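Q: Have a look at this one.
The values are calculated or read from the model by the stated rules, or taken from the named source; none is laboratory data. Values in this document were obtained by computation on a predicted structure and should not be read as measured data. Cβ placement follows ideal geometry from the backbone for every residue including glycine, while neighbour counts extend to all protein chains displayed. Note: areas computed on protein heavy atoms with side chains; ligands, DNA, RNA excluded. Shrake-Rupley method; radii C 1.70, N 1.55, O 1.52, S 1.80 Å.
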Amino acid sequence: MDEQERERRRAAELQASHELLQATMDASTDMIQVFVAIRDAAGRIVDFRWVLNNHTSETRYGEVRGESLLQRNPGVVEEGIFDAFCRVTETGLPEQAERHYVHEQFDGWFYQTVVKLGDGVATTTRDISEWKATQAEILRLREEVVQVRLADSESQLAAIFATAPVGLSVITPEGRFLRVNDELCRIVGRPAEALLNASVAEITHPDDMAPSLIAITQAAATGRPSTLDKRYFRPDGSQVWASSTISLLPPTGGQGSRFLVVTADLTDRRKTEAALRRSEASQRVLIAELQHRTSNLMGVVRSIADHTARGTDDLAGFLAHFDDRMAALSRVQGLLSRLNDHDRVSFEDLIHTELAAMGGRAGRTTLEGPTGVRLRSTTVHTLAMAIHELATNAIKHGALGQADGRLAIRWSLDPCGADGKPWLHIDWRESGVAMPQADTRTDRHGQGRELIERALPYQLNARTTYALGADGVHCTIAIPVSASMIEGDA
């Protein structure tokens, strides 16, 4: 095989793996992008090029695959994004950061995870603009209300209490409430009368009471505000998170020490933070899965390319067979990409998808077997390629390519097969086929038969037979299936 043909094969392998990953990436609501590094003659990274991005990313960026990162978004240098991509590519260490993007397409805050993928990076990015805006507003209101400590006027304090959009209270050093506003009552779920007859300790989570007392002591000793996040109990037993800033008020009218407490409801923010932590964990899992699938799929593609090359004598023949087998692999990946985390591809879905792609021929095909037999994810690709090879040969030489030919595909489930585990038994039988002379059956002894007789037993622990009978092929395949054998039994 010459160098030009090898280049074509490598390009075909890369394109196939990209297409198979795309369906998985599009299932995420986060922006997912994959970049490859562009290096100069000295090996230094000078740019990155988009090679993949999912549907969520396209809604913001548009179609960018193949484009230069620096030409499309030169601001990434100033924002530190380009340097982060370089560090991750060179060190292999992932990075996470909140970033403020300002581009033609959007202006907002995002939480971005960057991991190494090949000679480049994969990124997952979540929009946190709304959360950042909420944080900024809480800080602004807190600073505004804290200035009340400088006011000597009771009327000024009363006006602020009546209009402030955050919780306000005045407490004694012992934590008794002297004054509260409506927003604090809403946050803790109690009327003003109940709070004015209570103390901070009565509505604070026990684990947060000691830090509250320390904050009061520090504010009294230093004269500077003390801030802490804490939990309050509501009468219904639920908890609410709040951020409290405690400031020492100037003495007025002979009164003893008093403290102004500014309270901002953090419940929604805490939920957002928890969601971000879960998202970060899921992003790491997704990237690991992308890396795992890329490696596996490239191995499958490479194996298909090698087998196809051995069975063809010219480039045109190789490309035709290779494209056909890549289409079969893409159909399988399409089935996998539509599944939820705990779903499995069923055998009848696999059969129907392959036969439909081959043009149907429903009048000459019999399908019999139980529905919902769930296949192990690790077996789907190899079994699908075996079915594809059987169907392709049936169209070229057998039951699906001759007017009198008939194809019967029957399957059964043995719940307690080998080692007490469930096994699927598949019987592929062609009939009514005018068989060619032995010296013209080369395709029948090619990759399909090798896949069934060698690869399936080796890779899937399958038991197989393959025979060329007087009127067509008879093939049997027995493989272990998912322990949750029937849909709904998981």
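Q: Could you run the Debye sum over the Cα atoms of segment 190-240, one equal point scatterer each and no solvent, and tell me log10 of I(q)/I(0) at q = 0.15, 0.18, 0.22, 0.32 Å⁻¹, two decimals?
A: Cα-only, vacuum Debye calculation for segment 190-240: -0.47, -0.65, -0.87, -1.16.
Q: Ordering HIS205, HIS397 from largest to smallest accessible area (1.4 angstrom probe), what's the sequence?
A: Of HIS205, HIS397, the descending order of accessible area is HIS397, HIS205.
Q: Tell me the label-point distance for the pair ASP83, GLU95, using the 7 Å Cα-to-Cβ offset, in nm and rounded to one decimal.
A: 0.8
Q: Next question, about the same structure. When the Debye formula is applied to the Cα atoms of segment 35-94, each taken as the same point scatterer, what base-10 log of I(q)/I(0) results at q = 0.12, 0.17 Å⁻¹?
A: With one equal scatterer per Cα and no solvent, log10 I(q)/I(0) is -0.30, -0.60.
Q: What percentage of the solvent-accessible surface of segment 368-478, computed with a 1.4 Å probe over protein heavy atoms, is contributed by carbon and sulfur atoms? Mind dumping the intermediate values first?
A: Details: 2410 of 4960 Å².
Accessible surface attributable to carbon and sulfur in segment 368-478 totals 49 percent.
Q: What value in Å³ per residue do you get for the convex hull of the alpha-carbon atoms in segment 155-239?
A: 103
Q: Counting only protein heavy atoms and a 1.4 Å probe, tell me what percentage of segment 44-125's accessible area is made up of carbon and sulfur.
A: 50
Q: Could you tell me the accessible area of CYS416 in Å² (1.4 Å probe, neighbours in place), rounded to the nearest ten?
A: Counting only protein heavy atoms, CYS416 exposes about 100 Å² to solvent.
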